[in-house]
């Protein structure tokens, strides 16, 4: 009896399954985000201190959550590659990196745009903001390292090692607001400190963004599998041409 | 809809998220089509995938 992970280890099986799941994932993400947008703008109150600016929270928090979750996924995939040699682990890690970088960039940008009217500054070198900036550079580093190496197998292993070393940034980001004095607010307890009129739009947006990432990641993995197939087929064509040329010169 | 004195910060935030997410989706769709077209072209030239017989 194979586990789900073992079943998905076959890229062809993964392609078949992901083709069936993908339209539903896109649709569910679109519906949740549309509902979330409506609730964020039209069915949630202004904050008693922040006023209307609180509406930035409904996109900033999901982007910040994804920036960390995606890095966690890359770390798990890297572990899967180095320890279990799972054939799709590297595909997953490679596909997730640019998406993670984009959401981390958005978390930094929306946080900065939220900070200016609330704190009076776009940026301050405090623990939370700086550690998220380091996370962004880590994503760029993972992509740059992979792009710099021609040998795909060596690139996969080295990138996986860097991803696992870099995972130490996640607890630093999470607890930075407790360990150091920072302008950023402390961790929020959603069950008690956020009013339900704001909590539900935020939860729906976070779910919608998570599903959106799930769909994007599946699509990016499919693209990467196809790219590897194209590369193998090109090598096959070149090898066939060489064989033909060799037999032609022999006769 | 009146978003108060800081409306520009709110609109720019939402616009940035919309643009970046739309660009990501467009890139994924475009990249997928490019790989599919390259695979089709190689199959026409006689290249075969190892999993060609498998159900997809």
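Just so you know, all these numbers are worked out from the coordinates, no wet-lab data involved. Everything quoted here is computed from the prediction, not taken from an experiment. Because the Cβ atoms are built from the backbone with ideal geometry, glycine has one as well, and the counts that use them run over all protein chains shown.
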Any hit, region A:225-232, residues being surrounded by 13 or more Cβ atoms within 10 Å (Cβ to Cβ), in contact (Cβ under 8 Å) with a residue 40 or more places away in the chain, assigned to a helix (DSSP H, G or I) and at the interface with chain B (Cβ under 10 Å from one of its Cβ atoms): yes
Top-ranked residue of region A:30-56 - restricted to ones that are more than 10 Å from chain B (Cβ to nearest Cβ) and assigned to a helix (DSSP H, G or I), ranked as surrounded by the most Cβ atoms within 10 Å (Cβ to Cβ): A:36
Filter result for residue A:118 (touching a helix residue (DSSP H, G or I) at 6+ places or on another chain (Cβ under 9 Å), within 14 Å of chain B (Cβ to nearest Cβ) and crowded, with 16+ Cβ neighbours inside 10 Å): yes
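A quick yes/no check of all residues on (1) free of Cβ contacts under 8 Å to residues at least 24 places away in the same chain; (2) surrounded by 14 or more Cβ atoms within 10 Å (Cβ to Cβ); (3) more than 24 Å from the chain's Cα centre (by Cα):
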site	(1), (2), (3)
A:175	yes, yes, no
A:209	no, yes, no
A:215	no, yes, no
A:243	yes, no, yes
Test: residue in region A:57-74 that is assigned to a helix (DSSP H, G or I), touching a strand residue (DSSP E or B) at 6+ places or on another chain (Cβ under 9 Å) and within 12 Å of chain B (Cβ to nearest Cβ): yes
Subset of region B:6-39 [in contact with a strand residue (DSSP E or B) (Cβ under 9 Å, 6 or more places away or on another chain) and more than 8 Å from chain A (Cβ to nearest Cβ)]: none
